[in-house]
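The block underneath contains the structure these notes are about, expressed in structure tokens.
The values are calculated or read from the model by the stated rules, or taken from the named source; none is laboratory data. These figures come from a predicted structure and were not determined experimentally. Because the Cβ atoms are built from the backbone with ideal geometry, glycine has one as well, and the counts that use them run over all protein chains shown. The protein model used for the area step is the full one, side chains on, heavy atoms only, and it has no ligands, DNA or RNA in it. Shrake-Rupley method; radii C 1.70, N 1.55, O 1.52, S 1.80 Å.
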There are 2 protein chains.
Amino acid sequence: MPTSVDKIPEAAVPGDGTLGNIETVTEVTATQFEQALQLWTAVLGADHTIVDRTSLAAAETATFSTTQSVTAILRPADTSQVQECIRIANRFRIPVYPVSTGKNWGYGSRVPVAGSSILLDLGRMNQILDFSEELAYVTVEPGVTQGQLHQFLQARKSGLWLDATGAGPDCSLIGNVMERGFGHTPYGDHFAQVCGMEVVLPTGDRAQTGFARFPNAQTAAVYKWGVGPSLDGLFSQSNLGIVTRMTIWLMPAPPYFQAFFFQCGEDSQLAPLIETLRPLRLSGTLRSTVHIANDYKVISGLQQYPWQETGGSVPLRPDTMKDLRRRLKFGAWSGSGGLYGTRRQVAETRRILRDALKGKVERLQFLDDRTLGLASRFARPYQLLTGWDLRRTLELIRPVYGLLKGVPTAHPLASCYWRKKTPPPSQMDPDRDGCGLLWCAPVAPMEGEHATRMAHLASEILLGYGFEPAISLTLITERSVCCVVSISYDRNEPGQDEQAMACYKHLLGALNEQGYYSYRLGIQAMSELSSQDGYGGLLQKIKNAVDPNGVLAPGRYQAI
Amino acid sequence: MPTSVDKIPEAAVPGDGTLGNIETVTEVTATQFEQALQLWTAVLGADHTIVDRTSLAAAETATFSTTQSVTAILRPADTSQVQECIRIANRFRIPVYPVSTGKNWGYGSRVPVAGSSILLDLGRMNQILDFSEELAYVTVEPGVTQGQLHQFLQARKSGLWLDATGAGPDCSLIGNVMERGFGHTPYGDHFAQVCGMEVVLPTGDRAQTGFARFPNAQTAAVYKWGVGPSLDGLFSQSNLGIVTRMTIWLMPAPPYFQAFFFQCGEDSQLAPLIETLRPLRLSGTLRSTVHIANDYKVISGLQQYPWQETGGSVPLRPDTMKDLRRRLKFGAWSGSGGLYGTRRQVAETRRILRDALKGKVERLQFLDDRTLGLASRFARPYQLLTGWDLRRTLELIRPVYGLLKGVPTAHPLASCYWRKKTPPPSQMDPDRDGCGLLWCAPVAPMEGEHATRMAHLASEILLGYGFEPAISLTLITERSVCCVVSISYDRNEPGQDEQAMACYKHLLGALNEQGYYSYRLGIQAMSELSSQDGYGGLLQKIKNAVDPNGVLAPGRYQAI
């Protein structure tokens, strides 16, 4: 046994103790670690084998409290370097935690799930490897960001759109896909748009999914299932492989696009609204996700916490919120979505939507590029005419409008600074700036009753812990609604880290109990994944088979 | 070592020898087999433990030559019996080959991939377990057929449609989904419509995929990925588990439906046609698969081989085919598809389609329920007016029209009798009736050049072996086209089994060499699946981990 001074910080258990049951890899001595580091440096060069304390501390910092440690950051340049890195990790049984760009805001950023890890930062692998305008796909490495792809498409005047999440232009495409994130266009279910991956397995072997594994395959980028077992799902939300390349389908820009926006004055309108929208999603009339945000969510996109109006007290109580939304002219719920097609197709969809929403929502507005331009220019006279403060609304609408067309935006990131007392800096970094953010993302059937119950449960619990219940409901597929609850706070306020985590745990437990399980989990919640059937055992068998030394991201989505 | 007389027929290698490399399970003595049989009988009862030679011989018969043997047929009634059956198989290391209803025509029917097996026939498990009109899904057992589901929906006057394949009303829904079959409506990619499975693992454990593994999950049937690794793909086209329950999404019937049909007089029109249709599929204007059949495919749907016209000689030469199609008034290629939506949505799609196809196809016709009814009544006067022999065409059109609305039909099954000299019986059974059929189903990018090259390659090869190249091209997804090539023959003609198999091997090899790999394989071709990267090794590791005794369908999609 090494002496304590000889030991690398090892198997640190997160503050809440929930990951205490994770069996970590054999202890590594400092000597062994130094040996591994020398080998990694030989592969990557000293510039890309980072051990300075400032960088490591940054990598250990998320938007909530964590105690896991990062002992080095490796920045491979290509797939073969990734293979070398993981082979060395196997030799010394040192856990490796891969991130694409690490912008997993609200779910743990770059911080490993358990213990002490090497961070494998894939950000240098940022090549767009293949692109087809005709067949509408792009093949990318993990470091390619949504902003980069958007610029790439703009630069070549492509007729294709990507689907962007609200996580900002610097967010990795692959990172978001692997977490099964979602966006706003008809290609909003990101994992459904994947067609073939290159994966480095935990042993260092390389595998390709779909047809790409065969020589000269013509169909690797266009037909996703390949032949034989389809393994893509195995690598999403898992610790079974490191995705080093992926083909993602892109959406042809429609001849015409129109966004719609609406409001519900009262909370009681939510349930009938969901019931009305479901058949339109199911029939394909609405082809994109519809996004519905409550008042707290809307205001956190418009401004920071109203410290003045509230005299500095938190949380923002529902009655104060009501006053604010009356003054700022928005509803209990505000919705948005996009219509895509020819002018006539859009006109018909608009007719159907207008008919369906009659009497169910207020201020149903349709905007296209022309009217949005006009609105910006004539916001003031428009307000006189309609009483609607368009300028304020446009501030909120413009990024949503962009997202509906696949334009990435940093705007939603500003809401991470909701509880801060200084405004967001021009270069936002929620990890660095002490923004507190925990996201909880339960899913329910797309039914009014379920959506309302989920939202009410979340509101009650968050207010009870002194946080504002900023909630969005996204009609993410034709049959389900995903609720994203943000617990936003200031990490620099004493006690808030603990309070927020307690709130999160309470919320997750209550939602799970009602059967509203989350589609995605933060690093602090992986241990919630205990199945009641053979799934867990099966997953563990697969993990043991593909990662015999347990070096790849132990504990991630609960395979250890 | 048991003596030879003591041995159960074991590890028979198929005629072509390609599966000779499959390492089979330890040899089983007759005594051991008898012991296992007693245990199975205790679980299932004697009625459902079938060992009579007639039944076994039927189960060993496909639409092409095979030598694999079936030593007993087990017919479990529920999931727990499936678990018991597989546990007993493990104890004696006897291979088990599960089928749902076994109508895997052209790909091997019920015949196991390798050696000697127990057939696990899941046909008795034919319950529709759950159904939601509002959320548009159904949960079924493996014995539920497409005909049964169609009747179920009709009986309750449901507003939902299933997506049916051409394999006939008696084909299992789950069986087709697990082979990743496809149909004709916007829900045509069957595997994409799966939302959660119950699986009996090779060890007898039970696992559920998606959210169903959690207690009280509300979202098991509506959100497919669940949380953590998504394992559905692992069980499709594989031998890693026995699916005993599945939720399948259904399509809401549109307010209005119209089918379209068109023809291309010349083969040279195919490439520009594909180029024209691709943007319409990509943009979502055409939401369903488009099906394009060559002249040989069309005629095999209308009649049997023209023995008289040809004086009994085979194959039907292209010039004779040309004469025939002039006489019967159809083109080199005939296409069909569906338009779904409100009347105005359909009208706009029709306008776009008509504009796009102008000058590219002939006889573009749109039919709805009313015009189809009228056409049937006024076929004769219609012919006088337009010169189009509607009666003959209607015979072919009616089943296709039905499939576009999710109505299963036995009609395409009749084409299995193409080369027979007696007409198809009322109860068709291609296995029993000595119909020869080998299907080869390569996929290509949806581009004119690829579609044409695939079709020409197949035509040349089949004619060279003396078979008619009946070919369909299905625009199966937004970016890919699946070519289904039928090698149809009469198994009762001496030498034809061997000739057809040689033709198939030649065809598959040539297509693979061009990079047009098949989306699905028959039992005779599983050994073609040798990857050039780590996929094969990874799959084998998973197989060994979940099926340590190798009892489940050895060799299926090449995991042994």
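For the modelled label position 7 Å from the Cα of B:Lys329 along Cα-to-Cβ, which residues of segment B:287-304 have backbone nitrogen atoms closer than 19 Å?
Counting only backbone N, you get B:295-296, B:298-303.
Show the residues, 5+ positions off or on another chain, whose built amide H is closer than 5 Å to the amide H of A:Arg206.
The answer is A:Leu201, B:Gly534.
Would you mind working out the accessible area per residue for segment A:428-500, using a 1.4 Å probe, and quoting it in Å²?
27
In whole Hz, with x marking every Gly and Pro, tabulate ³J(HN,Hα) for segment B:515-523 from phi via Karplus 6.51 cos²θ - 1.76 cosθ + 1.60, θ = phi - 60°.
So the Karplus estimates, Gly and Pro as x, are x, 9, 6, 7, 7, 7, 10, x, 4 Hz.
If you wrap a convex hull around the alpha carbons of segment A:182-294, what volume per residue comes out, as a whole number of Å³?
Here the figure is 157 Å³ per residue.
Which positions within segment A:444-463 get 10 Å² or more of their accessible surface covered by the other protein chains, compared to the chain by itself, with a 1.4 angstrom probe?
For segment A:444-463, once contacts with the other chains are taken into account, A:Pro445, A:Glu447, A:His450 lose 10 Å² or more.
Given segment B:276-315 reduced to its alpha-carbon atoms as identical point scatterers, what log10 I(q)/I(0) does the Debye formula return at q = 0.19 Å⁻¹?
Normalising to I(0) and taking log10 leaves -0.65.
In square angstrom, what is the accessible area per residue of segment B:136-210 with a 1.4 angstrom probe?
Dividing the accessible area of segment B:136-210 by its residue count gives 25 Å².
Take every Cα-Cα pair in segment A:378-511 and report what % of them are more than 20 Å apart.
For segment A:378-511, the fraction of Cα-Cα distances above 20 Å is 58 percent.
Roughly how many Å is it from the Cα centre of segment B:197-229 to that of segment A:359-373, as a whole number?
41
List the residues of segment A:426-467 whose backbone N lies under 15 Å from a point placed 7 Å from the Cα of A:Thr320 along the Cα-to-Cβ direction.
Residues passing the 15 Å test: A:463-467.
For a paramagnetic label modelled at 7 Å from the Cα of B:Ser268 toward its Cβ, which residues of segment B:442-466 fall within the zone defined by backbone nitrogen distances under 19 Å?
Residues passing the 19 Å test: B:448-457.
Note the buried accessible area between A and B here, summed over both chains, with a 1.4 Å probe, in Å² to the nearest 100.
Protein heavy atoms only, the A-B interface buries about 7600 Å².
Report the accessible area of A:Trp439, computed with a 1.4 Å probe over the heavy atoms of all protein chains in place, in Å² rounded to the nearest 10.
Roughly 70 Å² of A:Trp439 is accessible to a 1.4 Å probe.
Report the accessible area of A:Asp170, computed with a 1.4 Å probe over the heavy atoms of all protein chains in place, in Å² rounded to the nearest 10.
100
What is the spin-label model distance, in nm, from B:Thr422 to A:Glu34 if the labels are put 7 Å beyond Cα along the C-beta direction?
Rounded to a tenth, the inter-label distance reads 8.8 nm.
Taking only Cα atoms, what is the 0 to 90° angle, nearest 10, from helix A:535-546's long axis to the longest principal axis of chain A?
That helix lies at roughly 50 degrees to the long axis.
Separation of segment B:484-560 and segment A:471-528 by C-alpha centroid, Å?
46
With runs of 4+ DSSP H residues as the only contributors, calculate the mean residue ellipticity of chain B at 222 nm using -39,500 (n - 2.57) per run, divided by the residue total and rounded to the nearest 500.
-10000 deg cm²/dmol, from helical runs alone.
Compute the acute angle (0 to 90°) between the alpha-carbon long axis of helix A:318-328 and the principal axis of greatest extent of the alpha-carbon atoms of chain A; round to the nearest 10°.
60
Quick check: pseudo-label points 7 Å beyond the Cα along Cα→Cβ at A:Leu364 and A:Arg124, how many nm apart are they?
5.5
What's the angle, to the nearest 10 degrees (0 to 90), between helix A:390-404's Cα axis and the longest principal axis of chain A?
So the inclination is approximately 50 degrees.
Kindly tabulate the residues in segment A:467-497 with an accessible-area decrease of at least 40 Å² between the chain alone and the assembly of all protein chains, using a probe of 1.4 Å.
Flagged in segment A:467-497: A:Arg479.
With the cut-off at 32 Å, tell me which of the pairs B:Lys103/B:Lys505; A:Lys297/A:Lys505; B:Lys157/B:Lys329; A:Lys224/B:Lys157; A:Lys505/A:Lys543 have Cα atoms farther apart than that.
From B:Lys103/B:Lys505; A:Lys297/A:Lys505; B:Lys157/B:Lys329; A:Lys224/B:Lys157; A:Lys505/A:Lys543, over 32 Å: B:Lys157/B:Lys329; A:Lys224/B:Lys157.
Quick one: Debye curve from the alpha-carbon atoms of segment A:107-255 only, equal weights, vacuum; give me log10 I(q)/I(0) at q = 0.14, 0.17, 0.21 Å⁻¹ to two decimals.
Values, matching the q order: -0.67, -0.99, -1.49.
How much length would be gained if the chain were fully extended between A:Asp52 and A:Ser313, taking 0.36 nm per residue of separation minus their Cα-Cα distance, in nm to one decimal?
89.9 nm
Roughly how many whole Å is it from the C-alpha centroid of segment B:321-358 to that of segment A:277-337?
After rounding, the separation between the Cα centres reads 48 Å.
Quick one: how many Å² of A:Ser109 are accessible to a 1.4 Å probe, rounded to 10?
Around 10 Å² of this residue is reachable by solvent.
At 20 °C and 1.002 mPa s, grab the translational diffusion coefficient of the protein assembly as shown from Stokes-Einstein with a Kirkwood Rh over Cα pairs, rounded to a whole number in µm² per second.
In µm²/s, the coefficient is 69.
Report the percentage of all Cα-Cα pairs in segment B:432-546 whose separation exceeds 18 Å, rounded to a whole percent.
The answer is 55 percent, as a whole percent.
Across peptide A:248-254, what mean number of C-beta atoms from other chains lies inside 10 Å of a residue's C-beta?
So the per-residue partner count for this stretch is 3.
Compute the Cα gyration tensor for segment B:494-560, then decide on rounded, prolate or oblate, letting a ≥ b ≥ c be the square roots of its eigenvalues: rounded whenever a/c is under 1.5, prolate when a/b is larger than b/c in the other cases, and oblate in all that remain.
Note, shape of segment B:494-560 comes out oblate.
Would you mind telling me the share, in percent, of accessible area of chain B contributed by carbon and sulfur at probe 1.4 angstrom?
That fraction is 50 percent.
Can you sort B:Ile242, B:Ile560 by 1.4 Å-probe accessible area, starting with the largest?
Accessible-area ranking of B:Ile242, B:Ile560, largest first: B:Ile560, B:Ile242.
Using alpha carbon coordinates only, what is the Rg to Rh ratio of chain B, with Rh defined as the Kirkwood radius?
Value, to two decimals: 0.97.
Net charge near B:Asp121: determine it from the other residues with C-beta under 11 Å of the C-beta of B:Asp121, scoring Lys and Arg +1 and Asp and Glu -1.
For residues surrounding B:Asp121, the net value is +3.
How much net charge surrounds A:Ser238 when only the other residues with a Cβ under 9 Å from the Cβ of A:Ser238 are counted, with Lys and Arg +1 and Asp and Glu -1?
Around A:Ser238, the surrounding residues sum to +2.
Using the C-alpha gyration tensor of segment A:45-156, what are the square roots of 5 times its eigenvalues, in whole angstrom, with the largest one first?
Whole-Å semi-axes of the equivalent ellipsoid: 28, 18, 12.
Take the Cβ-Cβ distance between B:Asp78 and A:Ala510 as r, set R0 to 30 Å, and report the resulting FRET efficiency rounded to the nearest 0.05.
Rounded to the nearest 0.05, the efficiency is 0.30.
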